[in-house]
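Written out below as structure tokens is the structure these notes cover.
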Amino acid sequence: MIYADYNGSAPLDSQVKNYLLKRLEDGPFANPNAIHNLGTKTLMGMEKARSICAKILGAKKHQIFFNSGSTEGIATVFHSILSEAKKNHKTSFIISGFEHAAIPNTASYYQKEGFEIKTLPTTKSGIVDLEVLKKWLEEGRDQLAMVSIMAANNESGIIQPYKEIGRLCNSYGIPFFCDTTQYIGKAHFNFEESEMDYAILSGHKIGALTGAGILLAKEPSLLKPLIIGGGQETGLRGGTQNYIGNETLAVALTSVEEKLAHSKEIELARNAFEKDIKDSFPEVVIIGESSPRLGTTTYLSYPGIHGQAIQIELESDNIFVTTSSACSDNSPVTSHVLKAMGISDEVGRGVVRISLGMDSPLGYYKEIGEKLKKAYRKLSKVKSF
Ligand SMILES: Cc1ncc(COP(=O)(O)O)c(C=O)c1O
């Protein structure tokens, strides 16, 4: 079996698994906010995890807020910035057209509250148009509440010039929120040097437990809680903390540090795999091929063959990949990410996303390549659209 959907959710990291086995055996299990000894021990374990996460992420400990994951982080940032912006008559914000659905959906909520969403155009290479961003920042400096642009795309793996974007936003005094969900864990990241005001991560994307995540905030005093509750997380996120989940974040991030040392090897294997496919089938399109990309993601399309048909073929060979197409009534739709890049429906309907982990055996690419070529050979004879 080859699991190639790490961008969807990474399997539990082996160090996290070993940690959990011992942790569940040894305890302690207590409310980290309790004043008795077991509570204090539990709190100390969680605070140690916070320090480790801060160190690895290049942040200060007080800039790390544990939560349930990226969707909550997104909601908290939008709520914090936009509720304050309203008071200051800042009425619009900028996003890109290729954000994860959690961003446009949250943005639509605030649109109904009276905000204007300004969606930045994307160049053909999948990068936001920085000239337009500059122009919009210049023209809208008095009305703009924030800029929200992701670091790495979940479908294509394309990496945005986030430092440049952050520098631009900072020069106009506009907060920059960067969805780093796919970037952290797959590339070197340092919050202090990132030029971001807010960043996020989800535990299940980095091999930690699902339901644990982090919101990083450069200036925590600007955050507002979504859940008020009992004042946990310095009043910014009520509810008894998911302390074991939070501990797994520290273990997973420590493991990521080690895996990143080998990131070049897997990227080279990925590149060789893509070249082999293109040599055999020159009509295949690799999305974002010439753009900076995560080294473990391939997003490719054979125009005329449905991505879902390929996914089913690969699954019959025990290889688990995804497509990006939402499918209704057998009419797959090109994803909004690809549409933002101006990619045609013919290519858009054919896409398959293959995403491995940095510690996946390099030989996986050879096996996926063989099975993918087999599927293309079979299905190209009966092109489906
Ligand atoms: C780029 C990006 N942002 C946000 C999310 C939302 O993460 P979660 O579902 O863990 O809250 C995802 C999940 O796929 C993602 O890939």
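The values are calculated or read from the model by the stated rules, or taken from the named source; none is laboratory data. Quantities reported herein were computed from a predicted structural model and do not represent experimental measurements. In this analysis, Cβ positions are derived from the backbone assuming ideal geometry, glycine residues included, and neighbour counts consider all displayed protein chains. Each accessible area value is taken on the protein alone, full model and side chains, heavy atoms only, with ligands, DNA and RNA left out. Shrake-Rupley method; radii C 1.70, N 1.55, O 1.52, S 1.80 Å.
So, in region 192-205, of the ones that are surrounded by 24 or more Cβ atoms within 10 Å (Cβ to Cβ) and touching a strand residue (DSSP E or B) at 6+ places or on another chain (Cβ under 7 Å), which residue ends up farthest from Asp13 (Cα to Cα)?
Filtering region 192-205 for residues that are surrounded by 24 or more Cβ atoms within 10 Å (Cβ to Cβ) and touching a strand residue (DSSP E or B) at 6+ places or on another chain (Cβ under 7 Å), the one farthest from Asp13 (Cα to Cα) comes out as Met196.
Here is a check on your reading of the model: is Val128 within 16 Å of the ligand (Cβ to nearest atom) and touching a Leu at 6+ places or on another chain (Cβ under 7 Å)?
yes
Scan region 159-193 residue by residue and report those that are in a loop (DSSP other than H, G, I, E, B), hydroxyl-bearing (Ser, Thr, Tyr) and within 16 Å of the ligand (Cβ to nearest atom).
Thr180, Thr181, Tyr183
Residues checked against (1) part of a loop (DSSP other than H, G, I, E, B); (2) within 16 Å of the ligand (Cβ to nearest atom); (3) polar (S, T, N, Q):
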site: His79; (1), (2), (3): no, yes, no
site: Thr106; (1), (2), (3): no, yes, yes
site: Val132; (1), (2), (3): no, no, no
site: Glu139; (1), (2), (3): no, no, no
site: Ser156; (1), (2), (3): yes, yes, yes
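Quick one: in region 108-124, which of the residues that are part of a helix (DSSP H, G or I) and within 16 Å of the ligand (Cβ to nearest atom) is surrounded by the fewest Cβ atoms within 10 Å (Cβ to Cβ)?
Ser108
So for region 196-218 (the condition being of a type in the set (A, V, I, L, M), more than 16 Å from the ligand (Cβ to nearest atom) and outside any strand (DSSP E or B)), does at least one residue qualify?
no
Can you tell me which residues in region 219-249 are within 16 Å of the ligand (Cβ to nearest atom) and part of a loop (DSSP other than H, G, I, E, B)?
Leu226, Ile227, Arg237, Asn242 - these are the residues of region 219-249 that are within 16 Å of the ligand (Cβ to nearest atom) and part of a loop (DSSP other than H, G, I, E, B).
Of Phe78, Phe93, Phe65, which residue is crowded, with 17+ Cβ neighbours inside 10 Å, in contact with a Ser or Thr (Cβ under 6 Å, 6 or more places away or on another chain) and of a type outside the set (D, E, K, R)?
Phe78
Restrict the check to region 29-38 and report whether at least one residue is touching a residue at least 12 places away in the same chain (Cβ under 8 Å), of a type in the set (Phe, Trp, Tyr) and open to solvent by 60 Å² or more (accessible area, probe 1.4 Å).
Yes, region 29-38 contains a residue that is touching a residue at least 12 places away in the same chain (Cβ under 8 Å), of a type in the set (Phe, Trp, Tyr) and open to solvent by 60 Å² or more (accessible area, probe 1.4 Å).
Out of Gly211, Gly166, Gly230, report the one residue that is surrounded by fewer than 24 Cβ atoms within 10 Å (Cβ to Cβ) and modelled with pLDDT under 95.
Only one candidate qualifies: Gly230.
For region 169-191, enumerate the residues that are surrounded by 24 or more Cβ atoms within 10 Å (Cβ to Cβ) and among the small types (Gly, Ala, Ser).
Gly185 - this is the single residue of region 169-191 that is surrounded by 24 or more Cβ atoms within 10 Å (Cβ to Cβ) and among the small types (Gly, Ala, Ser).
Among the numbered conditions (1) open to solvent by 20 Å² or more (accessible area, probe 1.4 Å); (2) within 22 Å of the chain's Cα centre (by Cα); (3) not basic (Lys, Arg), tell me where Ala10 comes up short.
(1)
With respect to Lys87, determine if the residue is more than 16 Å from the ligand (Cβ to nearest atom), at pLDDT below 95 and surrounded by fewer than 18 Cβ atoms within 10 Å (Cβ to Cβ).
In short, yes.
Within region 54-77, track down each residue that is among the hydrophobic types (A, V, I, L, M, F, W, C) and either away from the ligand (no atom under 16 Å from the Cβ) or outside any helix (DSSP H, G or I) (or both).
Ala54, Ile56, Leu57, Ala59, Ile64, Phe65, Phe66, listed by residue number.
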